[in-house]
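Trainee: I have a structure I would like to understand better, so I am pasting it below and will then ask my questions one at a time.
The values are calculated or read from the model by the stated rules, or taken from the named source; none is laboratory data. Given the structure is predicted, the values throughout are model-derived calculations rather than measurements. Cβ: placed from backbone, ideal geometry, glycine included. Neighbour counts: every protein chain shown.
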Amino acid sequence: MMRRRFFFRNFLLVTLPIVLVIVLLGWMAIYIINSNAKKSITGDNVRTVSRIRESTELMFSEADAQSLNYSVSPHVMLRLEELLQNGYADKENLDVSYLIKTFVDSNVNSKPYLHSIYIYLNNAHGNFFASFIGLANKTNFRDTGWMLKMDHTPLEQKQWLELRSINSYAMTEYSTNVLSVYKRIYASNKQNPIGILLLNIRVNYLNTFYSDYLSFQGQSILLLNQAGDVLCSSGERLSYQQLDDDAITAA
């Protein structure tokens with residue numbers, strides 16, 4: 001009996017520290033593995049958001065490029081103003097419309113994320129220039145609701161985003177969801193904006209584009225505005241990476 005107790009006591013004295021050490025090392029190993037895994041996932045997310053932000057900024061910068069084409073070219077600006085004010089009053093205006101339409105259409109056709117571009121300069125008739133159409137207004141073009149948004153937005157707001165739906169054809173329910181980038185147009189000799197450029201980006205393209213960046217199941221990538229409203233997304237929305245439009249649409 002004494003031998004059993006002696007053996008059991010010695011066994012505990014020898015094995016218990018070993019067991020405790022093994023348990024402690026195992027816990028530390030699990031902690032380190034989990035910590036490294038979290039750091040790896042966080043790093044992947046940061047890199048993913050960085051790449052998406054750069055690509056999204058590149059898409060939205062098209063509005064800056066387009067507006068600059070007219071803001072820094074007084075001759076083009078004057079001819080476009082004359083076209084929107086007087087319409088196809090003479091062959092010269094018709095030629096101007098053809099040249100501008102060729103330029104605008106080529107930009108839309110060369111960029112798969114673009115649905116359309118509208119250019120509005122202040123005029124008494126509500127005329128604007130639309131890609132693939134040319135001279136447009138409320139009488140010959142279906143998508144004119146954006147003009148109301150333009151009129152009710154303070155002039156101090158130089159650029160903003162809006163989710164919209166464009167009906168392409170009359171007497172049909174077919175429509176395309178777009179994320180519209182509104183960009184004020186300025187002239188060098190005027191303080192207030194003289195018009196606006198509307199860049200319509202295909203929402204389906206953005207959703208698919210963001211989905212291509214998903215790294216693991218349950219991940220979701222959202223594009224949000226300042227109010228936290230979802231503009232476009234991908235994934236199951238179990239978790240999300242936020243892109244604030246303040247960071248990607250600098251006024």
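Trainee: Which one is surrounded by the fewest Cβ atoms within 10 Å (Cβ to Cβ), of the residues in the stretch 70-79 that are touching a residue at least 12 places away in the same chain (Cβ under 8 Å) and in a helix (DSSP H, G or I)?
Mentor: This residue is 74.
Trainee: Evaluate the following for residue 104: is it over 27 Å from residue 223 (Cβ atoms) and buried (at least 16 other Cβ atoms within 10 Å of the Cβ)?
Mentor: Judged against the criteria, residue 104 is not a match.
Trainee: Kindly provide the set of residues from the stretch 112-126 that are out of contact with any Leu (no Cβ under 8 Å at 6 or more places or on another chain) and either surrounded by fewer than 19 Cβ atoms within 10 Å (Cβ to Cβ) or in a loop (DSSP other than H, G, I, E, B) (or both), ordered by number.
Mentor: Within the stretch 112-126, 112, 122, 124, 126 qualify.
Trainee: Suppose the filter is in contact with a Lys or Arg (Cβ under 8 Å, 6 or more places away or on another chain), modelled with pLDDT of 75 or more and among the polar types (S, T, N, Q); does residue 67 pass it?
Mentor: Yes, satisfied.
Trainee: Counting only residues that are within 13 Å of residue 186 (Cα to Cα) and of a type in the set (Phe, Trp, Tyr), how many does the stretch 50-102 have?
Mentor: Going through the stretch 50-102 one residue at a time, the tally reaches 1.
Trainee: Of the residues 92, 62, 54, 82, which single one is surrounded by fewer than 19 Cβ atoms within 10 Å (Cβ to Cβ), under 30 Å from residue 219 (Cβ atoms) and either free of Cβ contacts under 8 Å to residues at least 60 places away in the same chain or charged (D, E, K, R) (or both)?
Mentor: Just a single option satisfies the conditions, and that option is 54.
Trainee: Does at least one position in the stretch 135-142 carry a residue that is in contact with a Ser or Thr (Cβ under 7 Å, 6 or more places away or on another chain), within 25 Å of residue 68 (Cα to Cα) and touching a residue at least 40 places away in the same chain (Cβ under 8 Å)? First the steps, then the outcome.
Mentor: At the first step, the residues of the stretch 135-142 found to be in contact with a Ser or Thr (Cβ under 7 Å, 6 or more places away or on another chain) are 135, 138.
Those still in the list that are within 25 Å of residue 68 (Cα to Cα) too: 135.
When the remaining residues are screened for being touching a residue at least 40 places away in the same chain (Cβ under 8 Å), the result is 135.
So far as the stretch 135-142 goes, yes, one or more of its residues are in contact with a Ser or Thr (Cβ under 7 Å, 6 or more places away or on another chain), within 25 Å of residue 68 (Cα to Cα) and touching a residue at least 40 places away in the same chain (Cβ under 8 Å).
Trainee: Could you tell me whether residue 153 is touching a residue at least 40 places away in the same chain (Cβ under 8 Å), surrounded by 13 or more Cβ atoms within 10 Å (Cβ to Cβ) and under 22 Å from the mean Cα position of the chain (by Cα)?
Mentor: no
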